[in-house]
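What follows is a single structure, written as structure tokens, with notes after it.
FYI, it's all coordinate maths here, none of it is from the lab. Treat the numbers as computed from the prediction; the structure is a model and nothing was measured. With ideal geometry, Cβ positions are generated from the backbone for all residues, glycine too; neighbour counts draw on all protein chains shown.
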Amino acid sequence: MRWTSILAIYTLFWTLAAFLVMPFGIRTHDELGLEKVAGQAHSAPANLSARRIVRRATVLATVAFIVYYQNYVHRWITIEDIDISSWLGLVK
């Protein structure tokens with residue numbers, strides 16, 4: 001696998017991981033007992049930390065990519081192992 005492919009696939013894993021970890025640990029102003037700004041949405045986060053999201057996403061994406069790459073190298077699960085037609089009942 002070329003390094004450009006590795007970078008592109010890791011970027012996809014990281015983006016997915018960022019969206020997955022983003023809502024964890026977020027609290028609203030009401031939950032933290034803080035004063036709201038006039039016109040502020042009730043669901044606006046009060047403790048959003050981009051650094052925490054980046055750190056969590058990087059760890060999750062790295063672990064997921066390592067598993068993906070190991071599967072790519074060792075061929076644990078191949079496309080032949082995933083027979084969707086038998087799941088759908090198309091093959092008798």
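Data overview
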{"item": "Leu88/Thr62 FRET efficiency (R0 35 Å; Cβ-Cβ; nearest 0.05)", "result": "0.50"}
{"item": "Base-10 log of normalised Debye intensity for region 3-87 (one unit scatterer per alpha-carbon) at q = 0.11 Å⁻¹", "result": "-0.51"}
{"item": "0 to 90° range, to nearest 10: angle between helix 50-74 axis and the chain longest Cα axis", "result": "10"}
{"item": "Where chymotrypsin sites (Phe, Trp or Tyr not before Pro) fall in DSSP loop in region 1-61, at most 11 other Cβ within 10 Å", "result": "Phe24"}
{"item": "Over region 3-87, relative contact order from alpha-carbon pairs under 8 Å, at least 6 apart, %", "result": "36"}
{"item": "Cβ-placed point charges (K, R +1; D, E -1), dipole of region 3-87 about Cα centre in debye, nearest 20", "result": "420"}
{"item": "Amide proton proximity set for Thr28, modelled H, under 5 Å, gap of 5+", "result": "Ala46"}
{"item": "Extended-chain gain in nm, criterion 0.36 nm per residue less alpha-carbon gap, Val54 and Asp81", "result": "6.3 nm"}
{"item": "Per DSSP, loop GluC sites (Glu not before Pro) in region 24-92 with at most 16 further Cβ within 10 Å", "result": "Glu35"}
{"item": "With Cα atoms, 0 to 90° folded angle of helix 3-21 axis to the chain main axis", "result": "50"}
{"item": "Residues of region 46-68 with amide N under 17 Å of the 7 Å Cα→Cβ point at Ser5", "result": "65-68"}
